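Quick notes on the structure that follows.
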Amino acid sequence: MNKYAKITLDGLIYNNPTFKLVLGTCATLAMSTSALNSFGMGLSVTVVLLLSNIIISLMRKIIPNTVRIPAFIVIIATMVTILRMVLEKYIPSLYDAMGVFLPLIVVNCIILGRAEAFASKHPVLDSAIDGVATGLGFTIAITIIGIIREFLGSGSFFGMTVMNFKIGFFSNSAGAFFVFGICIALFVLIVDQIEKSRRAKKSRMLRVPVVEQISEDKEA
């Protein structure tokens, strides 16, 4: 597996910021009332992650270590401000729906964490791929939660009514925590099973040459 594939899989699956690292929980719970809001928040975080990772990576050798966190926050805040102006101008409905959680992207643990753990230590291309992969991992996770909560709580799918049966529990904060917890449990279970299968397959592949070598030695 090359490094770019590894970075991508880490962001999407093995270090998924929502289901694996449990970062950005406030935004996840608050914005997952509907699939559309969830998707919008996910894409917004992805854009900020990509741009901030690229800029921080470009400036990683000139930012003094003693002020790196304040510098990262200034860069991220600039990206969020630009995003706010774009959304307010072109997608006002999403801008209004995100409300206070849009400016709070500045202190989102996912973005600051990737800036500190990855972008400040790796080249631009690697950092860009990490930003996109991590952002998409967050987008997929929060959208899944949003789809479940919207479907069960409102009987709709991306704003389109599909059934009249509704469970109000899933529209409130308790329902958000419940769905979030179930999704994390299922994600961890599935990933663990995939990892076990992969390790078992790798182990069988390593044992085959050994068995063949023993057979050849006996024949000799």
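Observations on the structure shown:
- The mean of 1/r over all distinct Cα pairs in the stretch 146-193, once inverted, gives the Kirkwood hydrodynamic radius of 11.3 Å.
- At q = 0.07, 0.10, 0.17, 0.18 Å⁻¹, base-10 log of I(q)/I(0) for the chain (Debye sum, equal scatterers on each alpha carbon): -0.29, -0.53, -1.16, -1.25
- Length gained on full extension, D192 to S93: 31.7 nm, using 0.36 nm per residue less the C-alpha separation.
- Stokes-Einstein diffusion of the stretch 79-184 at 20 °C, 1.002 mPa s viscosity, Kirkwood radius from Cα pairs, rounded to a whole number: 134 µm²/s.
- Trypsin sites (Lys or Arg not before Pro) lying in DSSP loop within the stretch 1-87, provided at most 12 other Cβ fall within 10 Å: K61
- Quarter of Cα convex hull surface for the stretch 1-62, i.e. mean projection, nm²: 5.4 nm²
- With each label modelled as a point 7 angstrom along the Cα→C-beta vector, the M85-I63 pair spans 2.1 nm.
- F157 long-range amide H proximity, modeled H, under 5 Å: V162
- Accessible surface of the stretch 30-161, 1.4 Å probe, proportion on carbon and sulfur as whole %: 74 percent
- Counted without the sites themselves, the longest stretch of the chain free of chymotrypsin sites (Phe, Trp or Tyr not before Pro) in a DSSP loop having at most 15 other beta carbon atoms within 10 Å is 1-157.
- Taking label points 7 Å from Cα along the Cα-to-Cβ direction, V124 and V22 give a separation of 3.8 nm.
- Take the chain with all the other protein chains still there, run a 1.4 Å probe, and you get 56 Å² of accessible area per residue.
The values are calculated or read from the model by the stated rules, or taken from the named source; none is laboratory data. Keep in mind it's a predicted model, so treat the numbers as computed, not measured. A quick note on method: Cβ atoms are made from the backbone with ideal geometry, for glycine too, and the neighbour counts reach across all protein chains shown. To get the accessible areas, we keep the full protein, side chains included, count just its heavy atoms, and leave off ligands, DNA and RNA. Shrake-Rupley method; radii C 1.70, N 1.55, O 1.52, S 1.80 Å.
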